1. Which of the residues belonging to the range 158-173 are part of a loop (DSSP other than H, G, I, E, B) and modelled with pLDDT of 90 or more?
2. Picking from 278, 260, which residue would you name as being outside the structural domain of residue 10 (by TED's automatic domain parsing), touching a residue at least 24 places away in the same chain (Cβ under 8 Å) and either part of a loop (DSSP other than H, G, I, E, B) or within 25 Å of residue 16 (Cα to Cα) (or both)?
3. Of the residues 84, 93, only one is within 28 Å of residue 352 (Cβ to Cβ) and either at pLDDT below 95 or surrounded by 21 or more Cβ atoms within 10 Å (Cβ to Cβ) (or both); which?
4. In the range 135-157, how many are free of Cβ contacts under 8 Å to residues at least 24 places away in the same chain, surrounded by 14 or more Cβ atoms within 10 Å (Cβ to Cβ) and touching a strand residue (DSSP E or B) at 6+ places or on another chain (Cβ under 7 Å)?
5. Looking only at the range 207-236, which residues are surrounded by 14 or more Cβ atoms within 10 Å (Cβ to Cβ) and part of a loop (DSSP other than H, G, I, E, B)?
6. For residue 155, work out the one condition from (1) farther than 16 Å from residue 317 by Cβ; (2) assigned by TED's automatic domain parsing to the domain that holds residue 327; (3) at pLDDT 95 or above it doesn't fulfil.
């Protein structure tokens, strides 16, 4: 008899990508459905079975009464969904989007599992800790985690898409440095505005190629600028085959979203991380600090970005020892991180509880 699970997610890629990876881990032997708000749909794979639960934000006091009514209606919708699909276990990647689904699961007394990819406990996950069986985390040292629930933590290696593990990366034999710029699912205007001039300056001294993720409306602007100034480039927006770009990259400049850092880490790509200063509870800085403590990356605060980024990149190009040390440290960090090991840990945990 097939098992029926539901994964609740939505919003940004930081929530949806771990949900997709969890879906890959569970879908082989179970019937899995993903629930998401409309914002999260663009990240879902075409073959995913999904339902829309479009939960409103509750941070607007003027709209709060109306939004609470909507949450109540969505809780009833979620209740009927869980009953109709005979869901046995619910998984949530956090965020307010999961509120009605988890409330419905509690009414049905279903087993609930949380996923926390960040190094700071999310507010929604903290709210539902009392109700969950286990919370999957990448470390026990999670900021804001209540000590009374420490026994609910189940450590797993960072969730990375299965196809990333299959990439066979080989070191580049040429002297050209391929630099990848990743703004994350919410974009990074500071990268678009400040980096292009720096890359032009650097290209006059060193051989580089730029792979730059940006918004759709900015693709042609950046492409024209780089081509006008003789900088070899490839400009793109959201790419479902992002791994084809990763495999070409030697160094990455990125925000500090947990999924992006995990993929760079597993592929041994050293990175300069510029944590988003407005991220809730400063979780991006905590994510970055984890890799910095292992000497796997460089951290640059956004307020110093324009002043320091060119000098830092030049130092990395010239100081190959530091660069190679970070590559080796990333390799050491991930030597036991395999798809099979993560899969077994997840399945063992949910089958025991």
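The values are calculated or read from the model by the stated rules, or taken from the named source; none is laboratory data. Please read all numbers here as calculations on a predicted model, not as lab measurements. Heads up, the Cβs are rebuilt from the backbone with ideal geometry, glycines too, and the neighbour counts pull from every protein chain shown.
1. If the condition is that a residue be part of a loop (DSSP other than H, G, I, E, B) and modelled with pLDDT of 90 or more, then 158, 159, 160, 161 are the ones that fit.
2. Sole residue among the options that is outside the structural domain of residue 10 (by TED's automatic domain parsing), touching a residue at least 24 places away in the same chain (Cβ under 8 Å) and either part of a loop (DSSP other than H, G, I, E, B) or within 25 Å of residue 16 (Cα to Cα) (or both): 260.
3. 93
4. Looking only at that region, the number is 4.
5. 214, 215, 229, 231
6. Against the list (1) farther than 16 Å from residue 317 by Cβ; (2) assigned by TED's automatic domain parsing to the domain that holds residue 327; (3) at pLDDT 95 or above, residue 155 comes up short only on (2).
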